[in-house]
Amino acid sequence: MNNFIEISVIIPSYNHASYLEQRIQTVLNQTYPISELIILDDASPDHSQQIISRYSSDPRISHIIFNENNSGSTFNQWQKGLELAKSPWVWIAESDDYADLTFLEKMAGLIHHYPNVGIAFCRSQIVDENNEVVYYSYNHKKFSFGPSEIKDTLSSGYCLPNVSACLLKRNYALSAVVGLGKYKASGDLIFYTRILHYANIAYEDSTLNYFRDHAGNVSRPAKVNGLWVTEGVDVIGNINFSLVDFPVYTFLRISYHWLRRVDKITFKNKIKVFKKLLSASWNFGHAKLLGIFRSSDYEFNS
C-alpha cells in the first residue's frame, strides 16, 4: 500500500460496558488496517472486563491490561498506552465513543496532504446513550499552524471535541502526556497545547466521530465543580511564550477571558486562578524581555 502509515489504537476503558462492544467493533472493522490494538481497563466495577476478554484471541490486539486498582485519571491510562504503542501514529479511542468505519482511512489521507501535522481530527457528533444525535461540534479551518492554534483557540479554553476524534503523532503525544494524571477534566486541553508547540493541526470536515454525552461522563461533574476553569486556566501556564508569539494585547484579552469565568466558582478556587494568571503573566513578561534583549543584541552585533 502506497504511503501506508502504521497506527496503534489505544482504548482506555472504565465502566462503559454498555458502549464497549460498539467501541471495539468500530476499531477492528475500520477500512484502514491498524497495526495493533491496546485495551487498558482501569479496574471497572461493571462487566467491562468480561466484554474485553471476548476479543483476546484477535491477533491485532497486542495488549489487554486489567488494572487491579483504579489509576485515578484517564490521562494515566493514556500515558500507559502511549508507552506501549509501537507505531508512529496513535488513536486514543475512548471506550464510550464510536467511529465511522472510514475514520482512519480519511485521517491517513489528511496526514499525507498537510505538512508536519501532529494532530489530525474530524467533525464530531455528540450522541446520547441511545446513539441519538444531541448536537454537532464546531467547524474548523482545514489547516492551522500549531502556534497559531494555541494563540487563537486553545489559550482561551476552547478545545477539540474529544480525543477520539484525533489521530496523533506518537512522539509528540508521549512527551505531552507526562504529568497530566493530576487532572480530572482539562488534561486534554493542555495535552493538545503541548503538542502544537512543535506540530501543526489538520481537520477533516466529515462526521466520523461520535462523542457520547451520558450520565457517567466526566464532563458533567467537571462543569459543576468548576474544573473547566480551575484546571483549564493551566493552559496558559503550559504555553512557552518564546515559541508562541503573543502580542501584549492578545495576552491581556485572554487573561481577562479567564478572569470573567471565575464568577461561577468558589472564593478558594478564585484565588487559585488569580495565582495561576499571575504566574503566567510573569512568564509572558520574561519571554517578552528576553526577546527584546535578543533583538537588541542582534542589531548591535550586525
Q: Name the one entry in 86, 106 that is open to solvent by 50 Å² or more (accessible area, probe 1.4 Å) and in contact with a Cys (Cβ under 8 Å, 6 or more places away or on another chain).
A: 106
Q: Out of the residues in region 138-154 that are part of a helix (DSSP H, G or I), more than 16 Å from the chain's Cα centre (by Cα) and charged (D, E, K, R), state the one that is nearest to residue 204 (Cα to Cα).
A: 152
Q. For residue 193, which of the numbered conditions (1) under 17 Å from the mean Cα position of the chain (by Cα); (2) open to solvent by 30 Å² or more (accessible area, probe 1.4 Å) fails to hold?
A. (2)
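Quick one: which residue in 151, 182, 169, 141 is among the charged types (D, E, K, R), open to solvent by 10 Å² or more (accessible area, probe 1.4 Å) and closer than 25 Å to residue 212 by Cβ?
Result of the check over 151, 182, 169, 141: 182.
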**Q.** Yes/no for residue 232 being outside any helix (DSSP H, G or I), modelled with pLDDT under 85 and either of a type in the set (Lys, Arg) or surrounded by 14 or more Cβ atoms within 10 Å (Cβ to Cβ) (or both)
**A.** no
(Q) Let me spell it out: the conditions are (1) open to solvent by less than 40 Å² (accessible area, probe 1.4 Å); (2) at pLDDT below 90, and residue 239 meets all of them except one. Which number is the exception? (A) (2)
Q | region 235-267, residues that are over 15 Å from residue 158 (Cβ atoms), in a loop (DSSP other than H, G, I, E, B) and among the hydrophobic types (A, V, I, L, M, F, W, C) | A | 241, 243, 244, 246, 265
Q) Cβ-Cβ below 8 Å, separation at least six or inter-chain, first residue in region 115-138 and open to solvent by 70 Å² or more (accessible area, probe 1.4 Å), second assigned to a strand (DSSP E or B) and small (Gly, Ala, Ser): which pairs? A) 136/124
Q. Only one residue in 44, 18 is open to solvent by less than 30 Å² (accessible area, probe 1.4 Å), among the small types (Gly, Ala, Ser), over 21 Å from residue 120 (Cα atoms) and touching a residue at least 12 places away in the same chain (Cβ under 8 Å), so which one is that?
A. 44
Q. Looking at region 1-15, which of its residues are of a type in the set (Asp, Glu) and either closer than 14 Å to residue 103 by Cα or part of a helix (DSSP H, G or I) (or both)?
A. none
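The values are calculated or read from the model by the stated rules, or taken from the named source; none is laboratory data. Just so you know, these numbers come straight off a predicted model, no measurement behind them. For neighbour counting, all protein chains shown are included, and Cβ atoms are generated from backbone atoms with ideal geometry for every residue, glycine included. Only protein heavy atoms, including side chains, enter the accessible area calculation; ligands, DNA and RNA are left aside. Shrake-Rupley method; radii C 1.70, N 1.55, O 1.52, S 1.80 Å.
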